[in-house]
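The values are calculated or read from the model by the stated rules, or taken from the named source; none is laboratory data. Keep in mind it's a predicted model, so treat the numbers as computed, not measured. Positions of Cβ are generated from backbone atoms using ideal geometry, with glycine treated the same way; all protein chains shown enter the neighbour counts. These area figures cover heavy atoms from the full protein model, side chains too; ligands, DNA and RNA do not enter into them. Shrake-Rupley method; radii C 1.70, N 1.55, O 1.52, S 1.80 Å.
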Amino acid sequence: MKILVFEKEEHLDAYVGETICDFIRQHDQATIGFATGSTPLGVYQYFIDSYQNKKVSFQNVQAFNLDEYVGLKPEHPRSFALAMKNELFSHIDILPENIHALNGSKEDMDEECQRYETLIEQNPIDIQILGIGMDGHIAYNEPGSPLDGACHVVDLHQESIESSLDYGFDHIEEVPTQGVTQGIGTIMKAKQLIMMAKGQKKADLVKRMIYGEVTSDFPSSIIQRHPNVIVCLDRSAASQLKEEDYEKR
Ligand code: F6R
C-alpha cells in the first residue's frame, strides 16, 4: 500500500486528478469508479479544469457510481446520481450513455443490484475513487457488511444518516434510511483503488483503516488486502500515522 500525505489540499486533489487523467490519456477506453461526498470534490474540479483547458477528454470513459439512496429517483435533488451530474458529469464531455449508477427507485432492487453487478463484471473498473465514512464504511458498506459481498441494499447506520445532513438534506427525517451500494467484493475487483481522506475528523478512522484488523466491523480496513492501492491524505487525516509509513508530498 502506498500512502501519500500532502501538505496542501490542492496538491492532493491535483495528484489524484492527474493520476486519473494520465490513465485516461494513455488508454483507448478507461473505466473509472466515482464516489460522491465532499472529499473528492476538488478532484472533480481538477477534471473540469483539465477538460476546459483541453488537457483531457472523457469521451472514452465509462463511469460507475459507487452507491445511491434507496427510494430516490436519479433526478431527485439529493440523489447521488444528480450530485455526480452537478459536480462533474454535466461539465465534461462524457457521453450520457457511459454514465452508470444504481437506481434506488426501482421496484425490484434485487434485480437492479444484479443488473449493476453484471455490468461491472463486463466493464471491470480500472481505477476506483473511495472515501471513508464516519463509521468506517466504504461506499455504503456499513459495519457488518460481508467482505466478499456483491451489490446490495443496506440499512444505513446512524452515523451515515447524520453525515447525510452535509449533502443538503434539511432535516434528518428526510434522509432515506436505506442505501444501495457496490459490495466490498465488487469494489475489491477494481484494478486500482485510490482512497482519499481529509481533515482531523478522519484521523482515527484512517489509523484503524491502515493499522487495524481487517474485519467486516470496519469495512474500509479491507483495502489492506488490495494489491494496488494508493491512500492520499492531508496532514490532519494522517496525524495518527507513523511518519515512516508514508511519503510526504
Ligand atoms: C459516497 C461513498 C461514501 C463516502 C464517505 C465519505 O459515494 O461511497 O463512502 O465516500 O461517506 O464521505 P465524505 O467524503 O463526504 O466525507
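I'd like to check something: does segment 53-73 contain any residue that is among the small types (Gly, Ala, Ser), part of a loop (DSSP other than H, G, I, E, B), at negative phi and within 16 Å of the ligand (Cβ to nearest atom)?
In the first step, residues of segment 53-73 are kept if they are among the small types (Gly, Ala, Ser); the result is 57, 63, 71.
Still in the list and also part of a loop (DSSP other than H, G, I, E, B): 57, 71.
Okay, now just the ones that are also at negative phi, so 57.
Now narrow it down to the ones that are within 16 Å of the ligand (Cβ to nearest atom): none.
Within segment 53-73, none of the residues are among the small types (Gly, Ala, Ser), part of a loop (DSSP other than H, G, I, E, B), at negative phi and within 16 Å of the ligand (Cβ to nearest atom).
Can you run down the residue pairs with Cβ atoms below 6 Å, 6 or more apart or on separate chains, where the first is in segment 85-107 and among the charged types (D, E, K, R) and the partner is in a loop (DSSP other than H, G, I, E, B) and open to solvent by 80 Å² or more (accessible area, probe 1.4 Å)?
Asp93/Gln59
So for segment 99-113 (the condition being under 17 Å from Ser164 (Cα atoms) and touching a Phe, Trp or Tyr at 6+ places or on another chain (Cβ under 8 Å)), does at least one residue qualify? Don't jump to the end; show me each part of the working.
So in segment 99-113, the residues under 17 Å from Ser164 (Cα atoms) come out as 104.
Filter once more, so that each one left must be touching a Phe, Trp or Tyr at 6+ places or on another chain (Cβ under 8 Å): 104.
Yes, there is a match, as at least one residue in segment 99-113 is under 17 Å from Ser164 (Cα atoms) and touching a Phe, Trp or Tyr at 6+ places or on another chain (Cβ under 8 Å).
Could you list all residues from segment 58-82 that are within 22 Å of Glu18 (Cα to Cα) and touching a helix residue (DSSP H, G or I) at 6+ places or on another chain (Cβ under 7 Å)? Working first, answer last.
Just the residues of segment 58-82 that are within 22 Å of Glu18 (Cα to Cα), to begin with: 58-66.
Answer for segment 58-82, where residues must be within 22 Å of Glu18 (Cα to Cα) and touching a helix residue (DSSP H, G or I) at 6+ places or on another chain (Cβ under 7 Å): Phe58, Val61, Gln62, Ala63, Phe64, Asn65.
Consider Ile20 carefully, then state whether it is within 14 Å of the chain's Cα centre (by Cα), more than 19 Å from Ala83 (Cα to Cα) and of a type in the set (A, V, I, L, M, F, W, C). Step through it out loud before you land on a result.
On the way: within 14 Å of the chain's Cα centre (by Cα): yes; more than 19 Å from Ala83 (Cα to Cα): yes; of a type in the set (A, V, I, L, M, F, W, C): yes.
Yes: the conditions hold for Ile20.
Does Phe47 satisfy the condition of being over 16 Å from Ile230 (Cβ atoms) and among the aromatic types (Phe, Trp, Tyr)?
Details: over 16 Å from Ile230 (Cβ atoms): yes; among the aromatic types (Phe, Trp, Tyr): yes.
Criteria met by Phe47.
Each row is one residue, and each column tells you yes or no for (1) in contact with a strand residue (DSSP E or B) (Cβ under 8 Å, 6 or more places away or on another chain); (2) within 11 Å of the ligand (Cβ to nearest atom).
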{"residue": "Gln128", "(1), (2)": "yes, yes"}
{"residue": "Gly133", "(1), (2)": "no, yes"}
{"residue": "Asp148", "(1), (2)": "no, no"}
{"residue": "Cys151", "(1), (2)": "yes, no"}
{"residue": "Gly168", "(1), (2)": "no, no"}
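Identify the single condition in (1) in contact with a Ser or Thr (Cβ under 6 Å, 6 or more places away or on another chain); (2) on the phi > 0 side of the Ramachandran plot that Gly212 does not satisfy, given that it satisfies every other one.
Gly212 satisfies every listed condition except (2).
Within segment 18-35, is even one residue part of a loop (DSSP other than H, G, I, E, B), within 16 Å of the ligand (Cβ to nearest atom) and β-branched (Val, Ile, Thr)?
Initially, segment 18-35 is screened for residues part of a loop (DSSP other than H, G, I, E, B), giving 27-29, 35.
Filter again for within 16 Å of the ligand (Cβ to nearest atom), leaving 35.
From the residues that got through so far, the ones that are β-branched (Val, Ile, Thr) too are none.
No, every residue in segment 18-35 fails to be part of a loop (DSSP other than H, G, I, E, B), within 16 Å of the ligand (Cβ to nearest atom) and β-branched (Val, Ile, Thr).
For segment 83-118, give me the residue count where each residue is open to solvent by 40 Å² or more (accessible area, probe 1.4 Å) and either modelled with pLDDT under 95 or in a helix (DSSP H, G or I) (or both). Walk me through how you get there before you give the answer.
Taking segment 83-118 and keeping what is open to solvent by 40 Å² or more (accessible area, probe 1.4 Å), we get 85-87, 90-91, 95-97, 99, 105-108, 110-111, 114-115, 118.
Pick out the ones that are also either modelled with pLDDT under 95 or in a helix (DSSP H, G or I) (or both) and you get 85-87, 90-91, 96-97, 110-111, 114-115, 118.
Count: 12.
Which numbered condition trips up Ile187, out of (1) near the ligand (Cβ under 10 Å from one of its atoms); (2) farther than 23 Å from Leu233 by Cβ?
(2)
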